[in-house]
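Inspection log for the structure reproduced underneath, given as structure tokens.
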Amino acid sequence: MVIAQEKLSRNKISEIARDMVDSHKDYNPFPLTKTLNIAKEDIIPGVMCPKCSRKGMKWHLKKWHCSTCFHSAVDCHLPLLDDWFYLMDRSITNRHFRSFAGIQNHHAAKRILKKAGLILKGTRRTAVYIR
């Protein structure tokens with residue numbers, strides 16, 4: 001049996017391996033609307049009831065209330081925020097949250113976002129919340 005001649009030297013293989021490691025980037029498909037070319041208008045906004053799975057829970061007296069099954073809870077907005085960060089953008093403003101969750105009161109939205117454990121960057125009109 002004849003041993004074939006080396007195609008690449010050990011040094012060349014090591015160099016290629018180093019280049020591959022140096023140029024590696026983690027795949028981050030989020031937000032999916034950009035990755036999959038989904039129109040943001042096609043995403044249905046609203047807080048989903050964890051009990052009956054209907055969208056449209058209303059924020060009243062520091063709780064989310066479902067008008068269909070009358071379930072109420074304080075943390076129903078957390079899956080909504082997950083949806084936002086997976087689908088829409090890497091950050092969210094108070095205005096975007098109010099629009100997406102169906103809340104009118106900007107003070108209530110600020111408290112909800114703050115309690116959700118998001119990090120506030122910026123002030124006033126430039127304020128955004130990130131994970």
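Laboratory data are not the source of any read-out in this text; all were calculated from the coordinates shown. What you see is a predicted model; the values in this text were computed from it and never measured. Positions of Cβ are backbone-derived with ideal geometry, glycine not excepted, and every protein chain shown enters the neighbour counts.
A few comments on the model shown:
- Put simply, the amide H of Lys63, placed in the peptide plane, has no neighbours under 5 Å, leaving out anything fewer than 5 places away on its chain.
- Difference of contour (0.36 nm per residue) and Cα-Cα distance, Cys69 to Asn37: 8.0 nm
- Of the peptides 68-81, 6-19, 115-128, 36-49, the order by per-residue mean of other Cβ atoms within 10 Å, starting with the highest, comes out as 68-81, 36-49, 115-128, 6-19.
- The Rg/Rh ratio of the stretch 1-71, with both radii computed over alpha carbons and Rh defined as the Kirkwood radius, is 1.51.
- Highest mean packing comes first when the peptides 95-102, 50-57 are listed by Cβ atoms within 10 Å, giving 95-102, 50-57.
- Length released on extending from Ser14 to Ser53, taking residue separation times 0.36 nm less the Cα-Cα span: 8.6 nm
- A simple count of charges around Tyr129, restricted to other residues whose Cβ falls under 10 Å of its Cβ and scoring Lys, Arg +1 and Asp, Glu -1, yields +4.
- In the chain, the DSSP-assigned H stretches of four residues or longer account for a calculated mean residue ellipticity at 222 nm of -9000 deg cm²/dmol, using -39500 (n - 2.57) per stretch and the full residue count as denominator.
- Taking label points 7 Å from Cα along the Cα-to-Cβ direction, Leu78 and Arg124 give a separation of 3.5 nm.
- Computed over the stretch 32-130: relative contact order in percent, which uses C-alpha pairs under 8 Å that are six or more apart: 21
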